[in-house]
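Chemist: Please read through the structure below; I'll follow up with questions.
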Amino acid sequence: GKNVIFVLMESIDDIACNEEVMPNLYRMSKEGIYFSNMYASIYGTAATANSEMGTNVGLYAPLDGSLVYSFSDNYFPCSLAARLTDVGYTARQYHYNVPGFYSRDLMNAAFGYQEYVSFANYENATMDTVLIENDELYGKFVQEVPFFNYIITYTAHLSYNLSNGDVARAMRKHPQYEAMTGSEEMNCYFAKARITDDMLGGLMERLENDGLLKNTVIIAIGDHYPYGIEDKEVLYAFSGVEPYEQLL
């Protein structure tokens, strides 16, 4: 009977889940239930789509990366969205990309969602905080209860350099990340991750103000590690793993 918000966090890895980088996610990990032994599959193409498949229907995506073409007209009666809509939930998926990208409109329907909501037509669409800063979007998000909202974040997507527009916007909002580490890539990644964290914090604040937070379950999971970081030795060092990429 509780509202459910599932957040698939683009490129968010354990290395970002600390008080300095993502304080809201860190607080959620301490006050909620934290599953540490979770690994996202990366093979073929479209690593995010692999995690979408796993979290929506509990299956691995095909190895050849053909998920969005070969599975888009399938029927998944036991998906999260299908099971929840069967008992009266409204199910929507939220993401930056236009509906036709990766056949998201078709996959959305196959996964059992009633609507795919794209941020593409809104100002600051690539910034995850658009969901809580735009009253029209947020209004749709909470207009019917119980709701099941599946958010795919975007801001932390590669690339991680100072010429990237989202990095520049993130750094203007959080200048403390400009010299946080000795690596420009890690600084840029952490700044982007903080925008995702701002969305999580703002979402909880708005839900609480609307009297909805107490009756809402929020699940947050990373779709894959930040493979867009080109300096892998720095990435290995921050991750604390041996230089074997699959351990990430």
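The values are calculated or read from the model by the stated rules, or taken from the named source; none is laboratory data. All values reported here derive from a predicted model rather than from experimental measurement. Side chains are part of the model used for accessible areas, which takes the heavy atoms of the whole protein and leaves out ligands, DNA and RNA. Shrake-Rupley method; radii C 1.70, N 1.55, O 1.52, S 1.80 Å.
Chemist: Using the heavy atoms of the protein chains alone and a 1.4 angstrom probe, what is the accessible area of the range 1-147 per residue in square angstrom?
Modeler: In whole numbers, the range 1-147 has 50 Å² accessible per residue.
Chemist: Taking 2.2 N^0.38 Å as the expected size of a compact globular protein, what ratio does the Cα radius of gyration of the range 1-145 give against it, to two decimals? If you can, show how the numbers build up before the last one.
Modeler: Working: Rg = 15.9 Å, N = 145, 2.2 N^0.38 = 14.6 Å.
Ratio of Cα Rg to 2.2 N^0.38 Å: 1.09.
Chemist: Taking the alpha carbon gyration tensor of the chain, what are the square roots of 5 times its eigenvalues, largest first, to the nearest whole Å? Before the final figure, lay out the partial values.
Modeler: Details: eigenvalues 152, 98, 58 Å².
They are 28, 22, 17 Å, listed from largest to smallest.
Chemist: Debye sum, Cα scatterers, the range 123-248, no solvent: what log₁₀ I/I(0) at q = 0.22 1/Å?
Modeler: -1.25
Chemist: Please tell me which of these pairs span more than 23 angstrom C-alpha to C-alpha: Lys140/Lys173; Lys2/Lys140; Lys2/Lys173; Lys30/Lys214?
Modeler: Pairs exceeding the cut-off: Lys140/Lys173; Lys2/Lys173.
Chemist: The range 31-71: D in µm²/s via Stokes-Einstein (Kirkwood Rh, Cα pairs, 20 °C, 1.002 mPa s)? Walk me through the numbers before you get to the answer.
Modeler: Details: Rh = 11.1 Å.
Estimated via Stokes-Einstein, D reaches 193 µm²/s.
Chemist: If we restrict to alpha carbons, what Rg and Dmax does the range 183-244 come to, in Å?
Modeler: Rg then Dmax for the range 183-244, in Å: 16.0, 47.
Chemist: Return, for the Cα atoms of the range 141-204, the radius of gyration and Dmax in Å, separated by a comma.
Modeler: Values for the range 141-204 (Cα only, Rg and Dmax): 14.1, 47 Å.
Chemist: How big is Rg to Rh over the range 73-156, alpha-carbon atoms, Rh as the Kirkwood inverse-mean-distance radius?
Modeler: 0.97
Chemist: If you don't mind, another one. Bins of 10 Å, beginning at zero and ending with the bin holding the largest distance: percent of Cα pairs per bin for the range 107-147, please.
Modeler: 26, 47, 27
Chemist: What ³J(HN,Hα) values, in whole Hz, does the Karplus curve 6.51 cos²θ - 1.76 cosθ + 1.60 give for the range 95-107 when θ = phi - 60°, with x put for Gly and Pro?
Modeler: 7, 6, 5, 5, x, x, 6, 6, 6, 4, 5, 6, 5
Chemist: Rounded to the nearest 500, what is the chain's calculated 222 nm mean residue ellipticity when only DSSP H runs of at least 4 contribute -39500 (n - 2.57) each, over all residues?
Modeler: Calculated mean residue ellipticity at 222 nm is -10500 deg cm²/dmol.
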